[in-house]
Amino acid sequence: MLIYKIFRAPEWDALNRAGVTAGAPVDVADGFVHFSTAETVAETAAKHFAGEDGLILIACEAEAMGEALKWEVSRGGALFPHLYREMRIADVAWSKPLPLAGGVHIFPEGLS
């Protein structure tokens, strides 16, 4: 199962340079890397990245993260994947731009 992380371009660039990241500032503050599912990622973008352009959508294979990935109740009672270790560039299955058009983020088709 793919799970998704939205990064601002400088955060994505830092992961590419270093090979690992503790995540965005909110991740560092919370002590884990926040991810979303295909069902929740658009709401995450709207809530936490409203009006922001230049974002990168990153997909990771949940099963490959092992026991460091915990599914925890969050927004609206939904289960969200939280990674309790640094995110590694090797965790990334793919990355794509997440453009903004008319104030709405345009997601790639076929997220699952």
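Take the residues in region 61-97 that are aromatic (Phe, Trp, Tyr) and closer than 17 Å to residue 30 by Cα; name whichever of them is modelled with the lowest pLDDT.
The qualifying residue modelled with the lowest pLDDT is 80.
Hey, among 81, 10, 108, which residue is part of a helix (DSSP H, G or I) and of a type outside the set (Val, Ile, Thr)?
Being part of a helix (DSSP H, G or I) and of a type outside the set (Val, Ile, Thr) holds for just one of 81, 10, 108, which is 10.
Does residue 62 meet the test of being touching a residue at least 60 places away in the same chain (Cβ under 8 Å) and either basic (Lys, Arg) or under 16 Å from residue 6 (Cα atoms) (or both)?
yes
From the list 52, 72, 63, 39, which residue is over 15 Å from residue 8 (Cα atoms) and assigned to a loop (DSSP other than H, G, I, E, B)?
Result: 39 is the single residue among 52, 72, 63, 39 that is over 15 Å from residue 8 (Cα atoms) and assigned to a loop (DSSP other than H, G, I, E, B).
Looking at region 99-112, is at least one residue within 12 Å of the chain's Cα centre (by Cα) and surrounded by 13 or more Cβ atoms within 10 Å (Cβ to Cβ)?
No: zero hits.
Can you tell me which residue is nearest to residue 17 (Cα to Cα) among those in region 62-75 that are loosely packed, with under 13 Cβ neighbours inside 10 Å and touching a strand residue (DSSP E or B) at 6+ places or on another chain (Cβ under 9 Å)?
Among them, the one singled out is 64.
Results for (1) crowded, with 17+ Cβ neighbours inside 10 Å; (2) of a type in the set (A, V, I, L, M, F, W, C); (3) touching a strand residue (DSSP E or B) at 6+ places or on another chain (Cβ under 8 Å), shown as yes or no for each residue.
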| residue | (1), (2), (3) |
| --- | --- |
| 32 | yes, yes, yes |
| 36 | yes, no, yes |
| 41 | yes, yes, yes |
| 47 | no, no, no |
| 77 | no, no, no |
| 82 | yes, no, yes |
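Quick one: residue 58 ticks every box in (1) surrounded by fewer than 17 Cβ atoms within 10 Å (Cβ to Cβ); (2) in contact with a strand residue (DSSP E or B) (Cβ under 7 Å, 6 or more places away or on another chain); (3) at pLDDT 95 or above except a single one, so which number is it?
(1)
The values are calculated or read from the model by the stated rules, or taken from the named source; none is laboratory data. In this text, all values refer to a predicted model and were calculated from it rather than measured experimentally. Backbone-built Cβ (ideal geometry, glycine too); neighbour counts: all protein chains shown.
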